[in-house]
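Reviewing the structure listed below.
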Amino acid sequence: MMQRPNILILLADQLRRDALGAYGNQDARTPTMDALARGGVRFANACSTSPICVPFRFSLMTGEYAHTRKVPGIEYAMSEAERTLADEFNDAGYETFYVGKWHLDGAHGRLGSAQQCGRMRVPRSRQGRWQTWCGFELRNDPLDTWVFENDNPVPRKVDGYQTDGLFELGMDYLAKRKTDAPPFCMVISVEPPHDPFVAPSGLEEIWKEREPALPPNFAIEDPERRQQVVMDRKLYYAMIENFDQNVERMVAFLKKRGLWENTVVIVVADHGELGGAHGLVAKQWPYEESIGIPLIVHAPGSEAARGSVIEEPVCTEDLFPTILGLAGLTPRNRLPGLNLAPVIAGQSTFPTREGILLEFVAELRPQMPFHSDPWRGFRSRRYKYTVKGDFHGAKPWQFFDLEADPFEMENRLNDPSLAAEVARHHRLLRERIHETDDAFALLPAFGCHSLNLWNDLHHEAEAEIESPTSS
């Protein structure tokens, strides 16, 4: 029987979809990731369902929506009872490795500052059952990173710049495997280009002299702040170029070791970076710069789909079943996402689906956006509809025509010419909320009277009592 392929997941933190050359960026130099896209499959509208670190990582590890466990933006410890990606691959006879940032053990609230978290061990029981785990909860300092290996309570410093060091660790583990070893699944999870925006010195010097193109929705008016945000964009691109250089090193390593022809390489990020778009920085918002993530899959044996671009929107929850599907595996539990492995292999068309759910479940920090008014959204191929509100119920908030207005500069929520589409997307959102057991409350709008799932069930029960079905 032919051996199952190796799976290598290269996960960057805060890497915006349109910051790569393969997605049309003219500033950052990302030749290796661009080549992976040309030789594989690129998802043009991949989205982070919950655009902040912890909920994305929870969904990547479990395949579940963040709202099913009320996962907030940070300060959430994943239950040891969750069936993880590692469990699936372990059961299939794979060697499993996790290298780098974890952020699923409850920081900051329980552990303190990012600096303290970087020196505190994640207990072995809370490492998701990866056979080899060499990582840290979070650090947010690419020049001072420490890792813990398995249950060793003594950390060791990562040499040099974090991205360089973590890729080196990953390659070291793979180099030590026996020639008759089973297939592997490895995640290398790096923090750059997450802020603070610090790049290796050579790239910093180059980028400080360059002028990045600013998008039409760049809206920082204060001169001093504008100067700082532009400088941050420069260093952000420098960090991305360093990530691409490490992807190049990894590809060369796989080829030298004879692993390339049987390894699926997946490039993905947990969320994007606003970088001054709409006058905002960081993530959390439902704008494309925040939710938009790269998703590039280079898989052996997929010649029929090489260079394909998938335009349909995909979400975080699609990753778990797709990653397993690329290895010829099926999740044990029933999960909400799609297995897109047949699409990647060129064996089928994209399954019928109107669009994807977007959500911001909870923010525990009072000073941060959406602390008191979380949001939900529905992203179809052309449009994006969002609602926002507190526990009393969410109101319609934004509606964008992404085809006519890709930079989301005109909220068309009250445009009479799009009234039917707005109402349709409200219904699509309402249905997806119900389908996924989300207790998020919607206020009445566009002919939908219900507040939430529980009220709907109540109304349906009343209707059944008043007009029972005939037997």
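The values are calculated or read from the model by the stated rules, or taken from the named source; none is laboratory data. All of these numbers come straight from a predicted model, not from anything done at the bench. All Cβ positions, glycine included, derive from the backbone under ideal geometry; neighbour counts span all protein chains shown. SASA here: full protein model, heavy atoms, side chains in, ligands and nucleic acids out. Shrake-Rupley method; radii C 1.70, N 1.55, O 1.52, S 1.80 Å.
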Measuring from the longest principal axis of the C-alpha atoms of the chain, the long axis of helix 162-175 (C-alpha) lies at a number of degrees, nearest 10, equal to 70 degrees
Inter-label distance, nm, simple model (7 Å from Cα along the C-beta direction), L443/L364
2.9 nm
Residue order for H426, H278 - accessible surface, 1.4 angstrom probe, largest first:
H278, H426
Taking amide hydrogens as modeled 1.01 Å from N in the peptide plane, which residues meet the under 5 Å criterion relative to I7, leaving out close sequence neighbours?
F184, C185, M186, V264
Go through P336, M368, F407 and say which Cα lies farthest out towards the positive end of the charge dipole of segment 333-425; charges sit on Cβ, +1 for Lys and Arg, -1 for Asp and Glu.
P336
How large, in percent, is the carbon and sulfur part of the accessible surface of the chain at a probe radius of 1.4 Å?
50 percent
R177/N414 FRET efficiency (R0 56 Å; Cβ-Cβ; nearest 0.05)
0.40
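Give me the number: length gained by fully extending A404 to E224, i.e. 0.36 nm times residue separation minus the C-alpha to C-alpha distance, one decimal in nm.
Going from the current span to full extension adds 61.6 nm.
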In whole Hz, with x marking every Gly and Pro, tabulate ³J(HN,Hα) for segment 78-87 from phi via Karplus 6.51 cos²θ - 1.76 cosθ + 1.60, θ = phi - 60°.
5, 4, 5, 7, 5, 7, 9, 4, 4, 4
Pairs over 28 Å Cα to Cα, from K234/K395; K208/K255; K70/K388; K101/K234, come to K234/K395; K208/K255
How many Å³ per residue does the convex hull of the Cα positions in segment 327-389 occupy?
150 Å³
Hey, what number do you get for the chain at 222 nm if only DSSP H runs of n ≥ 4 count, each worth -39500 (n - 2.57), divided across all residues, to the nearest 500?
-8500 deg cm²/dmol
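Using only alpha-carbon positions, what ratio does the radius of gyration of the chain give when scaled by 2.2 N^0.38 Å? Walk me through the numbers before you get to the answer.
Values: Rg = 22.2 Å, N = 471, 2.2 N^0.38 = 22.8 Å.
In units of the globular-protein estimate, the chain measures up at 0.97.
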